[in-house]
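Structure, as structure tokens:
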Amino acid sequence: MEFYKIWQTKSGLFGVNKLTLGDLVVIQFVLVLLLMILVAIFVAFFPIIFFAIYVLLMVGLDGDERGGTTRLGVNIVTVIATIYFLFDFHFGWYSHQILASSIYAETYDAIAVRNLSVALMSIPLFFVGHELYRVGQSRLIRVVIFSAFIFFGFKFTNGISKAIITNTIEQYNDAELTQERIDLKLWSDDNHTTDEERLQNKIDALEKEKATKKKLDDFDKNFARDYL
């Protein structure tokens, strides 16, 4: 069984792709796999993304009551997304199953700490964020207010988040995942070099090139002396 896909270029030319049933199955499988990976990544970074959107709405838009309702809605969704991520992180649900084997435990813990800090920041902003918005009479003033609030707020919440992630909401782990991360580290060590190692490799390559050139020059001299 064969399938044909007709497409048109910007210049008006038409093309035809011929695909077998096996090709279509492989394409659909790859698309589903990519979608699953994207959803897993989205789950992990959803709170950070929505918190950034919330801050941009607070800083950049001059709106009416509907704008305030939108900002509060984004704030609530951010907290809910963080709660789901923490359950996923702790019990090894969907996102964790896909991402954990390709991310070091320390990196995944850092993502969890940042997401929890985002939630801890979003909760007080739910109550005082709109008031901070009303205090700032211009966008410049709001940028200063929210920048200071976020800077000092994260300094305070990061310590709390690290303690909670370390002692309470620990990352899901098992023997298989531990071995996968060990294999990942071994692969990384084998395939990545430091700046010093790269510099030494370049020096060694130059020395090897010089030695080869000298050998060829000596051969030319000896050939002319011995055979000409």
Seminar exercise, completed: Two pseudo-spin positions, 7 Å from Cα along C-beta at Asp189 and at His130, lie apart in nanometres by 5.6
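Mean separation of Cα pairs under 8 Å and 6+ residues apart, divided by the residue count of the stretch 102-185: what relative contact order is that in percent?
48
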Seminar exercise, completed: Final fewest-first order of Thr70, Thr166 on the 10 Å Cβ neighbour count is Thr166, Thr70
For this session: Filter the trypsin sites (Lys or Arg not before Pro) in the stretch 148-203 down to the DSSP loop ones having no more than 10 other Cβ atoms within 10 Å, then list what survives.
Result: none
Exercise. Hey, rough spin-label estimate for Val39 and Lys213, points 7 angstrom out along Cα→Cβ, what's it come to in nanometres?
Worked result: 5.9
Seminar exercise, completed: All alpha-carbon distances of the stretch 18-117, grouped into 5 Å bins from 0, give the whole-percent distribution 2, 12, 18, 17, 13, 11, 10, 8, 5, 3, 1, 0
Seminar exercise, completed: So for R0 = 45 Å, FRET eff. of Ser138-Lys162 from the Cβ-Cβ r, to 0.05, ends up at 0.80
For this session: Before anything else, pin down the relative contact order of the stretch 45-192: Cα pairs under 8 Å, at least 6 apart, normalised by residue count, whole percent.
Result: 32
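Only the coordinates and a few stated rules stand behind these numbers; no lab work does. Owing to the predicted nature of the structure, the values given are computational and were not obtained by experimental measurement. As a convention, Cβ positions derive from the backbone with ideal geometry for all residues, glycine included, and neighbour counts pool all protein chains shown.
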